[in-house]
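Quick one: the structure is below, questions incoming.
The values are calculated or read from the model by the stated rules, or taken from the named source; none is laboratory data. On a predicted model such as this, the values are computed, not experimentally measured, just so you know. Cβ placement follows ideal geometry from the backbone for every residue including glycine, while neighbour counts extend to all protein chains displayed. Surface accessibility is based on the protein's heavy atoms, side chains included, excluding ligands, DNA and RNA. Shrake-Rupley method; radii C 1.70, N 1.55, O 1.52, S 1.80 Å.
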Amino acid sequence: MVLLIMQGKIRFGLLLIVIFIVISAGIAGGFVYSLKGDLPSVDSLKKQQHFDGTKVYGDDGELIGEFNIEKGIYVPLNAIPKSLKNAVIAIEDSRFYEHKGLDYIAIARAAIKDILYVSIKEGGSTITQQLAKVVFLTPEKSIKRKIKEAYLAIKMEKTLTKNQILELYLNKIYFGHGAYGVEMASRTYFGKSAESLSTAEAALLAGLIKSPMIYSPYNDLEKARFRQITVLERMESEGFIKKGAAEKLWQQPIRFINLRKRDDNMQYFLEHVRRYLEDKYGSESVYKGGLRVYTTLDRRMQRAAIKALQEGLREIDKRQGYRGPIEHIDVIKEKKKKKADNKATHSVVMISGEIFNGTVIKVTKDYAVVRARGIVGRIALEDMLWAGRVLTKGGRIKEYKELNVSDILKKGDVVRVRLKSKSQKGVSFSLEQEPVVEGAIVVIEPSTGYIKAMVGGYDFTRSEYNRVLFARRQAGSAFKPIVYASAIERGFTPSSIIIDEPVTYDETAFKAGWSPENYDKKYYGPTMLRTALAYSRNVVTVKLLEKIGVDSVIDFARKLGIGGPFERDFTIALGSCDVTPLELTLAYSTFANGGVKMKPLTIKYILDSKDNILETNQPEGQGVISKEASFLITNMMEDVVKYGTGWRAKSLGRAVVGKTGTTNEYRDAWFIGYTPEIVAGVWVGFDNRQPLGPGETGARAASPIWVSLMREILETIPPSNFIIPDGIVAAEVDAETGLLATNESRVRYIEYFKKGSLPAYSTPDSKERLGVRTMGDLPYSPLRGQQLDTD
């Protein structure tokens with residue numbers, strides 16, 4: 001009875017297939033006829049023309065990237081080993097030399113399996129179809145695209161020989177990690193030319209084509225090995241290798257070179273340059289014109305920026321909680337399991353600190369045993385304590401007070417691990433996870449406007465969206481220096497006092513009614529502007545904005561290069577306006593450059609193929625604020641580092657200023673700062689604007705990244721101090737009143753002023769007017785400086 005039912009199902013399935021093929025053929029015929037005029041010509045594939053693309057150089061003259069119409073390194077078919085050609089044919093299209101572009105047997109076989117399993121189990125794309133998709137079509141999944149692909153494949157088979165098709169395919173197909181074509185893939189994975197590949201190595205490369213990232217030995221060596229044996233077994237069944245050779249070849253040792261991302265850390269910068277070139281000179285010139293572009297990028301600073309950002313985002317991500325393994329391997333076939341356990345000497349060269357996938361093969365209370373990249377090592381409990389805070393799928397937090405390794409890891413878990421150490425005693429890993437939080441860094445030379453480093457996100461391969469240029473986020477308290485600098489330009493001084501006390505703005509002054517509060521919910525009475533900025537006091541900043549006017553601050557911000565849009569209300573004092581990291585960092589760069597706003601530059605000059613200068617860009621600046629105001633706001637921000645929210649930057653041990661920024665519900669974290677020589681801005685947040693988590697302020701989330709970056713950048717830059725302009729004078733000030741000190745002043749300090757703006761002398765009347773009664777009411781004193789981890 002069961003057999004009859006199964007036979008009935010098969011007959012019904014075959015009937016469906018016949019109906020499907022007939023209907024599809026009719027539809028496809030009409031579709032192709034309507035699309036003919038929209039399809040590209042394949043005649044151009046007959047001759048391989050070499051075009052000189054664009055070469056891009058860093059500020060030291062070293063090549064940092066190329067824009068070529070052809071990706072990879074083209075090699076003729078006779079230079080590609082037979083074993084590699086056979087491996088690719090065996091796994092991708094075993095009937096390649098028999099079909100005419102479409103393999104109807106493979107299509108029928110795939111359709112039968114799809115119907116029997118009631119799901120998409122197999123595809124039927126030939127090598128020719130894959131080539132058509134790579135060369136002419138987009139990767140979209142649609143019936144229209146599949147019909148175009150089929151039509152082009154048939155046309156290619158009529159225009160080109162089989163060997164020409166295979167040669168093109170092997171030179172254009174993607175193998176992962178930026179490697180296009182077999183030559184580039186061979187160099188990327190094995191560090192040698194494709195002509196030197198062994199059969200075992202060829203089989204592993206051929207296995208990558210189906211899904212380069214899934215089967216990459218750098219991501220998961222076990223999956224790469226399982227895919228390799230599949231290819232070898234197919235080669236054996238197709239007669240490309242002798243019977244029984246697959247197992248022996250699979251046991252041959254393979255040594256992968258260390259995967260060093262050649263220019264991955266330059267990609268955000270390079271993509272920005274590429275877009276500019278295409279917009280100005282056109283794609284033809286960029287990919288065929290032999291241009292040479294000399295840029296402002298400093299390779300050392302760029303490497304420091306990507307390292308600081310990635311490490312910082314990982315730390316933030318860990319504080320949010322462990323999200324669990326990448327996947328769990330429940331069952332591995334016994335045959336393959338034994339093969340994996342014998343450690344067939346496949347290995348990847350690893351360096352300390354590198355992060356990759358590993359599979360948990362044993363778990364105890366105190367440690368886990370992990371196999372990663374062909375070696376076995378341990379993760380000790382102390383190297384995964386951060387995972388005791390677990391972020392569940394529902395977004396809830398589960399915390400273990402007394403953590404055991406078995407609480408977090410299970411046998412079969414695939415996790416990210418970092419190589420801590422490798423010695424004769426064994427291999428030590430630490431548990432990691434890829435962060436979902438994002439960030440951005442931009443580094444600018446204030447005297448020239450040269451952009452020295454640009455990192456638009458955690459990983460360009462994960463997201464090409466350049467947050468330095470395009471992420472418009474609320475600035476938070478990082479906008480406050482702009483308010484204070486605007487006030488100084490309008491006659492206020494660093495020692496001007498505003499009363500820090502509760503205030504409510506009604507509907508006449510503010511459209512919705514609003515009561516600003518300080519971060520710590522406290523009020524401090526008479527407060528100098530210097531103190532208010534150092535400790536990021538919200539109430540004083542809002543009241544200062546009220547005094548100088550919303551429009552004057554907006555106009556001032558626009559002078560500095562912040563385009564808005566701005567809400568014309570008092571919330572802009574606390575950074576309610578949206579800015580990009582580049583805009584905000586350029587504004588600070590103007591302060592660092594004595595009030596001269598420099599045009600941001602990424603390209604110094606461009607040469608064509610005949611050494612003619614197409615474009616040259618010299619530093620170009622415009623004075624937008626006085627050098628005195630620039631010095632004073634810089635000097636005030638030094639106190640943000642000495643006593644306030646930027647205290648972490650003190651560890652650099654040199655003249656440094658900066659300001660933190662945090663927005664509502666911890667959605668954005670900023671730190672923008674500078675030395676006399678360099679300005680850098682850091683932003684951290686989620687693309688979907690979800691909160692970073694309680695306490696993730698600019699001081700905690702962004703400033704450690706900034707400090708790590710600057711520590712490396714400043715290693716080769718001699719320390720210097722900010723220059724005091726001629727228009728600045730120093731005077732002793734009474735710390736209680738902000739006025740000039742007298743013999744009666746209990747606490748005094750040295751303050752800087754513009755010439756002609758010295759305040760009056762402090763008197764008992766001025767103290768009474770301000771409400772100063774005791775030493776505890778002092779609005780400012782270096783002796784009372786705290787290290788605040790606020791915004």
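Rundown of residues vs (1) over 30 Å from the mean Cα position of the chain (by Cα); (2) of a type in the set (S, T, N, Q); (3) within 21 Å of TRP683 (Cα to Cα), yes/no style:
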{"site": "TYR588", "(1), (2), (3)": "no, no, yes"}
{"site": "ALA592", "(1), (2), (3)": "no, no, yes"}
{"site": "LYS604", "(1), (2), (3)": "no, no, no"}
{"site": "ILE613", "(1), (2), (3)": "yes, no, no"}
{"site": "LYS627", "(1), (2), (3)": "yes, no, no"}
{"site": "PHE631", "(1), (2), (3)": "yes, no, no"}
{"site": "THR662", "(1), (2), (3)": "no, yes, yes"}
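Being modelled with pLDDT under 95, surrounded by 13 or more Cβ atoms within 10 Å (Cβ to Cβ), among the β-branched types (Val, Ile, Thr) and under 20 Å from LYS410 (Cα atoms) narrows it down to one of ILE379, ILE326, so name that one.
Being modelled with pLDDT under 95, surrounded by 13 or more Cβ atoms within 10 Å (Cβ to Cβ), among the β-branched types (Val, Ile, Thr) and under 20 Å from LYS410 (Cα atoms) holds for just one of ILE379, ILE326, which is ILE326.
Against the definition (modelled with pLDDT under 95 and either in contact with a Pro (Cβ under 7 Å, 6 or more places away or on another chain) or crowded, with 23+ Cβ neighbours inside 10 Å (or both)), how does SER720 come out, yes or no?
Yes; evaluated as a whole, the condition is true for this residue.
Still on this model: Within region 677-685, is even one residue in contact with an Asp or Glu (Cβ under 6 Å, 6 or more places away or on another chain) and surrounded by 23 or more Cβ atoms within 10 Å (Cβ to Cβ)?
yes
Quickly run through region 432-448 and pick out the residues that are surrounded by fewer than 24 Cβ atoms within 10 Å (Cβ to Cβ), of a type outside the set (S, T, N, Q) and in contact with a strand residue (DSSP E or B) (Cβ under 7 Å, 6 or more places away or on another chain).
Selection gives GLU432, GLU434, VAL437, GLU438, GLU445.
Next question, about the same structure. For region 746-769, does any single residue satisfy the condition of being within 47 Å of the chain's Cα centre (by Cα), modelled with pLDDT of 90 or more, charged (D, E, K, R) and assigned to a loop (DSSP other than H, G, I, E, B)?
yes
Which of the residues that make up region 165-175 are of a type outside the set (D, E, K, R) and either crowded, with 21+ Cβ neighbours inside 10 Å or modelled with pLDDT under 90 (or both)?
Within region 165-175, ILE165, LEU166, LEU168, TYR169, LEU170, ASN171, ILE173, PHE175 qualify.
While we're on this one: For region 209-225, does any single residue satisfy the condition of being in a loop (DSSP other than H, G, I, E, B), closer than 16 Å to ILE89 by Cβ and over 30 Å from the mean Cα position of the chain (by Cα)?
No, every residue in region 209-225 fails to be in a loop (DSSP other than H, G, I, E, B), closer than 16 Å to ILE89 by Cβ and over 30 Å from the mean Cα position of the chain (by Cα).
Among the residues of region 41-67, what is the count of those that are surrounded by 14 or more Cβ atoms within 10 Å (Cβ to Cβ) and either modelled with pLDDT under 85 or among the basic types (Lys, Arg) (or both)?
Residues flagged as surrounded by 14 or more Cβ atoms within 10 Å (Cβ to Cβ) and either modelled with pLDDT under 85 or among the basic types (Lys, Arg) (or both) within region 41-67 amount to 4.
For a quick check of your reading of the model, give me the residue pairs whose first member lies in region 540-566 and is hydroxyl-bearing (Ser, Thr, Tyr), whose second is surrounded by fewer than 21 Cβ atoms within 10 Å (Cβ to Cβ), with beta-carbon atoms closer than 8 Å and at least 6 apart or on different chains.
SER552/ARG490
Another one. Specify the residue that is modelled with the highest pLDDT; the eligible residues are those in region 212-243 that are polar (S, T, N, Q), in contact with a helix residue (DSSP H, G or I) (Cβ under 9 Å, 6 or more places away or on another chain) and open to solvent by less than 40 Å² (accessible area, probe 1.4 Å).
Within region 212-243, the match that is modelled with the highest pLDDT is GLN228.
Listed here are the residues, each with its yes/no results for (1) modelled with pLDDT of 95 or more; (2) farther than 27 Å from GLU751 by Cβ.
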{"site": "ILE633", "(1), (2)": "yes, no"}
{"site": "LYS642", "(1), (2)": "no, no"}
{"site": "GLY646", "(1), (2)": "no, no"}
{"site": "THR660", "(1), (2)": "yes, no"}
{"site": "GLU677", "(1), (2)": "yes, no"}
{"site": "GLY681", "(1), (2)": "yes, yes"}
{"site": "ASP687", "(1), (2)": "yes, yes"}
{"site": "GLU696", "(1), (2)": "yes, yes"}
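Please count how many residues of region 153-207 are assigned to a loop (DSSP other than H, G, I, E, B), closer than 25 Å to PHE136 by Cβ and among the aliphatic types (A, V, I, L, M).
So the count comes out to 3.
Hey, another quick one. List, please: which pairs have Cβ atoms under 8 Å, are six or more places apart or on different chains, and start with a residue in region 305-329 that is part of a strand (DSSP E or B) and end with one that is among the small types (Gly, Ala, Ser)?
Matching pairs, first to second residue: TYR322/ALA387; TYR322/GLY388; HIS328/GLY412.
Name, by its number, the condition in (1) closer than 30 Å to GLU628 by Cα; (2) part of a loop (DSSP other than H, G, I, E, B); (3) of a type in the set (A, V, I, L, M, F, W, C) that does not hold for VAL503.
In the conditions (1) closer than 30 Å to GLU628 by Cα; (2) part of a loop (DSSP other than H, G, I, E, B); (3) of a type in the set (A, V, I, L, M, F, W, C), VAL503 misses (1) alone.
Matching residues to (1) under 30 Å from PRO581 (Cβ atoms); (2) in contact (Cβ under 8 Å) with a residue 60 or more places away in the chain; (3) open to solvent by less than 10 Å² (accessible area, probe 1.4 Å):
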site: GLY394; (1), (2), (3): no, no, no
site: LYS420; (1), (2), (3): no, yes, no
site: LYS425; (1), (2), (3): no, no, no
site: TYR484; (1), (2), (3): yes, yes, yes
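Same structure again: Of all residues in region 613-646, count the ones that are open to solvent by 60 Å² or more (accessible area, probe 1.4 Å) and closer than 20 Å to GLY698 by Cα.
Matching residues across region 613-646 total 1.
Cβ-Cβ distance below 6 Å, separation of 6 or more or different chains: which pairs start in region 214-231 with a residue that is without any contact (Cβ under 8 Å) to a residue 40 or more places away in the chain and end on one that is in a helix (DSSP H, G or I) and open to solvent by 10 Å² or more (accessible area, probe 1.4 Å)?
Within 6 Å, the pairs are TYR215/LYS223; TYR215/ARG227.
Just one of TYR268, TYR276 is in contact with a strand residue (DSSP E or B) (Cβ under 6 Å, 6 or more places away or on another chain), of a type in the set (Ser, Thr, Tyr) and in a helix (DSSP H, G or I); which is it?
Exactly one of TYR268, TYR276 is in contact with a strand residue (DSSP E or B) (Cβ under 6 Å, 6 or more places away or on another chain), of a type in the set (Ser, Thr, Tyr) and in a helix (DSSP H, G or I), namely TYR268.
In region 673-688, which residues are more than 20 Å from the chain's Cα centre (by Cα) and not in a strand (DSSP E or B)?
If the condition is that a residue be more than 20 Å from the chain's Cα centre (by Cα) and not in a strand (DSSP E or B), then THR675, PRO676, GLU677, ILE678 are the ones that fit.
Considering (1) among the aliphatic types (A, V, I, L, M); (2) without any contact (Cβ under 8 Å) to a residue 60 or more places away in the chain; (3) open to solvent by less than 30 Å² (accessible area, probe 1.4 Å); (4) in contact with a Phe, Trp or Tyr (Cβ under 6 Å, 6 or more places away or on another chain), say which one ALA741 fails and leave the rest.
Single failed check for ALA741: (4).
For region 144-152, indicate whether the set of residues that are without any contact (Cβ under 8 Å) to a residue 12 or more places away in the chain, under 24 Å from THR461 (Cα atoms) and open to solvent by 10 Å² or more (accessible area, probe 1.4 Å) is non-empty.
No: region 144-152 contains no residue that is without any contact (Cβ under 8 Å) to a residue 12 or more places away in the chain, under 24 Å from THR461 (Cα atoms) and open to solvent by 10 Å² or more (accessible area, probe 1.4 Å).
Filter region 280-302 down to residues that are among the charged types (D, E, K, R) and modelled with pLDDT of 95 or more and give me whichever is farthest from ASN466 (Cα to Cα).
ARG292
Quick check, is GLU665 within 23 Å of TYR519 (Cα to Cα) and of a type in the set (D, E, K, R)?
Here the answer is yes, as GLU665 does meet what is asked.
Looking only at region 572-583, decide whether some residue is more than 33 Å from the chain's Cα centre (by Cα) and either under 23 Å from ALA702 (Cβ atoms) or not aromatic (Phe, Trp, Tyr) (or both).
For region 572-583, residues more than 33 Å from the chain's Cα centre (by Cα) and either under 23 Å from ALA702 (Cβ atoms) or not aromatic (Phe, Trp, Tyr) (or both): absent.
Conditions tested, residue by residue: (1) in contact with a strand residue (DSSP E or B) (Cβ under 8 Å, 6 or more places away or on another chain); (2) small (Gly, Ala, Ser); (3) farther than 18 Å from GLY457 by Cα.
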residue	(1), (2), (3)
ASN635	yes, no, yes
GLY661	yes, yes, yes
TYR666	no, no, yes
GLN690	no, no, no
PRO694	no, no, yes
TRP706	yes, no, no
ALA735	yes, yes, yes
GLY738	yes, yes, yes
